[in-house]
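Report on the following structure.
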Amino acid sequence: MESLWKDLRYGVRSLLKQRGLSAIVVISLALGIGANSAIFSVVNVVLLRPLPYTEPERLVMLWGEDPNTGRRNYPLSPADFMDIQALSHLFAGVAPSRDAIYNLTEQGEPEQILSYRFSADFFRVLGLQPQLGRTFSPAEDTPGGPRVVLLGDRIWRRRFGADPSIVGRSLRLSGDSYQVIGIMPATFEHPRGAELWTPLALNPATLTNRELRLLRLVARLQPGVTLDQTQRELDALSRRWQQEFPKSHAGWHIRVVSIRDQYVGEIKPALLVLFLAVVLVLLIACANVANLLLARGTMRTTETAIRAALGATRGRLIRQFLTESVLLSLLGGLLSLPLALLGSKLLLGLFPNNISNLSIPRVEDISLDGTVFGFTLLISFLCGIGFGVLPAWQASRPDLDQALKQGRSGNVRTTQTGVRLLTPRDLFVIAQVALATLLLLGTGLMIKSFLRLRAVDLGFNPTHVLTARINFSMDRKYAPEAERIRFYQEVQQRLSGLPGIVSFGTTNHLPLSGWTAIRAFTIEGQLPPATGERLETEFHIVSPTFFQTLGIPLLKGRAFTAADTAETAPVIIINEHLARRFFPNQDPLGKHLKFGPGSTANNLGAREIIGVIGDIRHESQEAPTKPEAYAVFLQEPP
């Protein structure tokens, strides 16, 4: 221990003698280690931190997949759920849920809360208990049952100051009174972004319905059952559905995915590529530092020779040089911590909730915690050993006779024929160039992909467009369609008169949001496809000024007007993709589409196609455009 302390003191004096060189090394390492720590802080939370469930490796989510539309994450129908629940040899439990939105109007400003409706056994399937209170009872998970709610930890702290007495009290959600029965742990967020949960209360009359696709299923596998086995048996069930229910399940397929892959499956490749890039940066920095230390070792040849002549062993000399390199690396690691904090904030500032249009789960938990600090310490120590071992080995074997005579350093070596041999410094330069080339190639490909995404035509102009979401309380004041239309007209009148607002429109699905609705339709006067393909399209409800507000081009026909009301003939506008696919070599104007049941109580019958607009991107920049149909708000209030 005493000799190590001597090595440290000698190393500090040695580094202080060459402050410029030491500063360059520390800064180079701080940048490389800081970048790695910043990315690791994200990787740690997203990929490495365990999920807050009992035996999460046995949890899966079940989705419908329809090759006709290309969608892979379809909800399932109540009848589908009943068939899957009957597979008790595969599943220890299957729990349904569906999305919901509530307006919270107590204790502060009114706020729209992303919520979910869970079945009573959902938390049993997950293997999770609340931190306060209890979960839903079977009696509460029935139509007309008591209105109860579970709060997430984040909203509990943000809106109610983490007051434990909130359990047992009542809240006003979308105009109704709900009793708070529990507070979920801070680690629980399922699905991503949800902050409160109410009972599903599935209507028994829907349990035989095959077309009402609204349930998202989470299941716990029986012990010993694998994903592959589950997928094979669900494939057999899918084939049976296709034969028994060709109208609703033509081409239909069930997809099983582990709950971890559900959370991180899309973002995982992007994070790993980003992490690999910063590791290459750190390796280049280490190679550069190793070259500097090799040069520094050459300058200290005489000093090393004297120490060796006085009896210092080679191991003693190596330890001294490694002590100095580790000391430099630890200083770089210490300096990297504020850089890592800045880097992680910059990363999340550039991509608030997403990277490359992919949502980052648990983004609010990303911080420089003990795990990240330990990673920084470990990588600093390993870097110190990594870039220091070869310079230490090289400097610990000086040519005593030549060094003491201050002759040639012996670093340039040749063969008997005079051919110059590669030195360790040459090898590090070669490694630096190779790594830098690899990094530049990867960077070039990423920039090319980024520019390609920037060049993608969104189909609309997002410049200077602001958005806001309004959630109607459908079972109270705004249940009648006339009330929703009146509200919309008043909002339009007020906003249109404000300075700076050029145009104002409404829609039930914002472009690039990923949210949409699928409606089946038939073409009046045409027979169904001989292949049995079900005609489906994304279905949106907009105001007459929606296309004008977003700058969506009208390719033919006319746009909606204020004259298109519930009292006039029903009309529809389609996108170019739908026109090409279902009306090849035809003029779609004047044709009539008849849609399946929607949100309106009126039977509007067949709708005349009055216009064709350009394709816009609803799912993401990368996703291909799909058939889309637009109804006017005044004829079908959402």
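The values are calculated or read from the model by the stated rules, or taken from the named source; none is laboratory data. Note that this is a predicted model, so its numbers are computed, not measured. Cβ: placed from backbone, ideal geometry, glycine included. Neighbour counts: every protein chain shown. For the accessible areas, the whole protein counts, side chains as well, though only heavy atoms, and no ligand, DNA or RNA atoms are used. Shrake-Rupley method; radii C 1.70, N 1.55, O 1.52, S 1.80 Å.
What residue, among those in segment 28-55 that are in a loop (DSSP other than H, G, I, E, B) and of a type outside the set (S, T, N, Q), is farthest from L334 (Cα to Cα)? In this case the residue turns out to be E55. Taking first residues from segment 312-339 that are open to solvent by 40 Å² or more (accessible area, probe 1.4 Å) and partners that are of a type in the set (D, E, K, R) and not in a helix (DSSP H, G or I), the Cβ contacts under 9 Å between residues at least 6 apart in sequence or on separate chains come to R314/R397.
So that you can scan it fast, the table gives a plain yes or no per residue for (1) modelled with pLDDT of 90 or more; (2) among the aromatic types (F, W, Y); (3) buried (at least 17 other Cβ atoms within 10 Å of the Cβ):
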residue	(1), (2), (3)
R580	yes, no, no
K594	no, no, no
N602	no, no, no
Q635	no, no, yes
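Scan segment 520-544 for residues that are modelled with pLDDT of 90 or more and of a type in the set (V, I, T) and the total you get is 2. Cβ-Cβ distances below 7 Å connect the following pairs, each with a first residue in segment 271-287 that is of a type in the set (G, A, S), a second residue that is open to solvent by 50 Å² or more (accessible area, probe 1.4 Å), and a separation of six or more residues or different chains: A285/L31.
Scan segment 350-366 and give yes if some residue there is modelled with pLDDT of 75 or more and polar (S, T, N, Q), otherwise no. Before the answer, list the steps.
Going residue by residue through segment 350-366, those that are modelled with pLDDT of 75 or more are none.
No, segment 350-366 contains no residue that is modelled with pLDDT of 75 or more and polar (S, T, N, Q).
Of the residues making up segment 213-234, those that are touching a helix residue (DSSP H, G or I) at 6+ places or on another chain (Cβ under 9 Å) and open to solvent by less than 70 Å² (accessible area, probe 1.4 Å) number 11. Any residue at all in segment 566-580 that's touching a helix residue (DSSP H, G or I) at 6+ places or on another chain (Cβ under 7 Å) and closer than 30 Å to G500 by Cβ? No, segment 566-580 has no match at all. Taken over segment 565-576, the criterion of being at pLDDT 90 or above and open to solvent by less than 40 Å² (accessible area, probe 1.4 Å) is satisfied by P570, V571, I572, I573, I574, N575.
Pairing each residue of segment 453-468 that is within 21 Å of T625 (Cβ to Cβ) and modelled with pLDDT under 85 with any residue that is in a loop (DSSP other than H, G, I, E, B) and of a type in the set (S, T, Y), provided the two are 6+ apart or on different chains, yields C-beta distances under 9 Å for L453/S356. Can you confirm whether segment 225-236 contains a residue that is among the β-branched types (V, I, T), in contact (Cβ under 8 Å) with a residue 12 or more places away in the chain and in a helix (DSSP H, G or I)? So far as segment 225-236 goes, yes, one or more of its residues are among the β-branched types (V, I, T), in contact (Cβ under 8 Å) with a residue 12 or more places away in the chain and in a helix (DSSP H, G or I). Total residues in segment 73-103 satisfying the condition of being surrounded by 15 or more Cβ atoms within 10 Å (Cβ to Cβ), of a type outside the set (S, T, Y) and assigned to a loop (DSSP other than H, G, I, E, B): the figure is 3. Scanning segment 70-91 for residues that are of a type in the set (A, V, I, L, M, F, W, C) and touching a residue at least 24 places away in the same chain (Cβ under 8 Å) gives L76, A79, F81, M82, I84, L87, L90, F91.
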